[in-house]
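Inspection log for the structure reproduced underneath, given as C-alpha cells.
The values are calculated or read from the model by the stated rules, or taken from the named source; none is laboratory data. Quantities reported herein were computed from a predicted structural model and do not represent experimental measurements. Cβ atoms come from the backbone with ideal geometry, glycine included; neighbour counts cover every protein chain shown.
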Amino acid sequence: MNYDDLDTVLVTREGHIGIVSLNRPEARNAMNSELSGQFHEALRRVARDESMRAILIRGEGKSFCVGGDVKDFDEQSGESTESSTLRVTKLLHGTEVIELLLAIPQPTVSAVQGHAMGLGSTIAMFCDVMIVADDAKIADTHVNIGLVAGDGGAVTFPLMMPFGSAKWYLMTGDRMSGTEAEKLGVALRSVPESELHEASLEIASRLASMPPLAVQGTKATLNRILRNRMDQTLQFGLLYEGATFLSEDHKEAASAFVQRREPTFHGR
C-alpha cells in the first residue's frame, strides 16, 4: 500500500504497526477540508493494509488536534441561506470519520499530547485505546462556539466516564487534563509527554503481537455497543447541532474567536 501522495497526513510503519500522523502542526492540526480528506483516505487505506496489525494515530507538533478550523467557520458565516442549508445537510451525514474509525479491523491506539478538542477528542476517543500526556487538554468544545455537542462526544463521553461527569463536560466544554482522563477511565494510561510516543508504541506493539483474528473479532463485537449508542443518539444530536450551526450565537462565537474578544450570546 502506497501513502506517498499524502502530505497533510503522514503514514509510516514500525514493524507491524502503522503510524498515522496528522500533519498541520502550524495550525495545531485543526481539521480543514484538505486535512479531513487526506485523513479519511489514510484510514481507508490502512484498513486494507494487511501488513499492519495495529494502528497508532497521533498528531505532529504540540497538539493532537484542536478540532475543526474555527477560522473556516468565521469565513463562511456570511454565506447564503442556501449554502448554509447545504452545509447543515452535509453535517447531518458527517459521521464518516467515526464510521471509518469503527470499520478499521485492526486495533487502534491514539497518542494525545497538547490539545484534543471537539473533533480532535472524538477521533482520540473513538480509537480502541487512548494514551495521553499528563498535561494534555481534552474537551468537546461545541458549546463554546455556540453549537450543540450532538455528535461524537455525545456518544463516547457517557460511555467512557460517569454520566454526571459526561453531562458537565459536554454542557460546559471544560477541559480535562490527561491525568483526569486516566482517573475517569477515558484514557488507559497517562504519562509525561516526553514518554508518550514510547508508551503508545508499547501498547500498539502489544496489540500487534496478539492473535489478529481474535483481537479483530473482539473489537468488532464490542463496537456493536458503540454502534447501538450511535443509533440512539446521533440522529437527534446532529439535528440539534445542525440547527445551532445556523444560529446567530454560533456566528458570534466564531467571529469573537477570530477577533480575540469575549462573545456576547443572545439565545438566537
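Of all the criteria given as (1) farther than 23 Å from PHE157 by Cα; (2) free of Cβ contacts under 8 Å to residues at least 24 places away in the same chain; (3) in a helix (DSSP H, G or I); (4) not hydroxyl-bearing (Ser, Thr, Tyr), the one not satisfied by GLN216 is (2).
LEU101 falls short of the stated requirement of being at pLDDT 95 or above and part of a strand (DSSP E or B).
Got a sec? Which helices (runs of 4 or more DSSP H) wholly within the stretch 1-98 have at least 2 residues that are modelled with pLDDT of 95 or more? Spell out how you get there, then give the answer.
Values: elements: 33-48, 70-75, 81-92.
It comes to 33-48.
Scanning the stretch 176-198 for any residue that is outside any helix (DSSP H, G or I) and under 16 Å from THR141 (Cα atoms) turns up at least one such residue. Hey, any hits in the stretch 195-211 for a residue that's closer than 19 Å to GLU14 by Cα, surrounded by fewer than 14 Cβ atoms within 10 Å (Cβ to Cβ), of a type in the set (S, T, N, Q) and at pLDDT 95 or above? Yes, because at least one residue in the stretch 195-211 is closer than 19 Å to GLU14 by Cα, surrounded by fewer than 14 Cβ atoms within 10 Å (Cβ to Cβ), of a type in the set (S, T, N, Q) and at pLDDT 95 or above. Scanning the stretch 219-249 for residues that are over 22 Å from VAL155 (Cα atoms), in contact (Cβ under 8 Å) with a residue 24 or more places away in the chain and of a type outside the set (A, V, I, L, M) returns SER247, ASP249. Has the stretch 222-230 got any residue that is of a type in the set (S, T, N, Q), within 30 Å of ALA47 (Cα to Cα), surrounded by 13 or more Cβ atoms within 10 Å (Cβ to Cβ) and modelled with pLDDT under 95? No - not one qualifying residue is present in the stretch 222-230.
Okay, residues lined up against (1) farther than 19 Å from LEU226 by Cβ; (2) buried (at least 19 other Cβ atoms within 10 Å of the Cβ); (3) within 12 Å of the chain's Cα centre (by Cα); (4) in contact (Cβ under 8 Å) with a residue 24 or more places away in the chain:
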{"position": "THR122", "(1), (2), (3), (4)": "no, yes, yes, yes"}
{"position": "ASP135", "(1), (2), (3), (4)": "yes, no, no, yes"}
{"position": "THR141", "(1), (2), (3), (4)": "yes, yes, yes, yes"}
{"position": "VAL148", "(1), (2), (3), (4)": "yes, yes, no, yes"}
{"position": "GLY153", "(1), (2), (3), (4)": "no, yes, yes, yes"}
{"position": "TRP168", "(1), (2), (3), (4)": "yes, no, no, no"}
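Going through (1) touching a residue at least 12 places away in the same chain (Cβ under 8 Å); (2) under 18 Å from MET52 (Cβ atoms); (3) among the hydrophobic types (A, V, I, L, M, F, W, C) one by one, ALA187 falls short only on (2). If you scan the stretch 91-120, which residues turn out to be crowded, with 23+ Cβ neighbours inside 10 Å and within 12 Å of the chain's Cα centre (by Cα)? Matches in the stretch 91-120: LEU101, SER110, ALA111, VAL112, HIS115, ALA116, MET117, GLY118, LEU119, GLY120.
So, of the residues in the stretch 231-261 that are of a type in the set (Lys, Arg) and exposed (fewer than 14 other Cβ atoms within 10 Å of the Cβ), which turns out to be farthest from LEU100 (Cα to Cα)? Out of the qualifying residues, it is ARG261.
Just checking, does the stretch 116-123 include any residue being aliphatic (A, V, I, L, M) and outside any helix (DSSP H, G or I)?
Kept after step one, since they are aliphatic (A, V, I, L, M), are these residues of the stretch 116-123: 116-117, 119, 123.
Restricting the remaining residues to those that are outside any helix (DSSP H, G or I) gives 116-117.
There is at least one residue in the stretch 116-123 that is aliphatic (A, V, I, L, M) and outside any helix (DSSP H, G or I).
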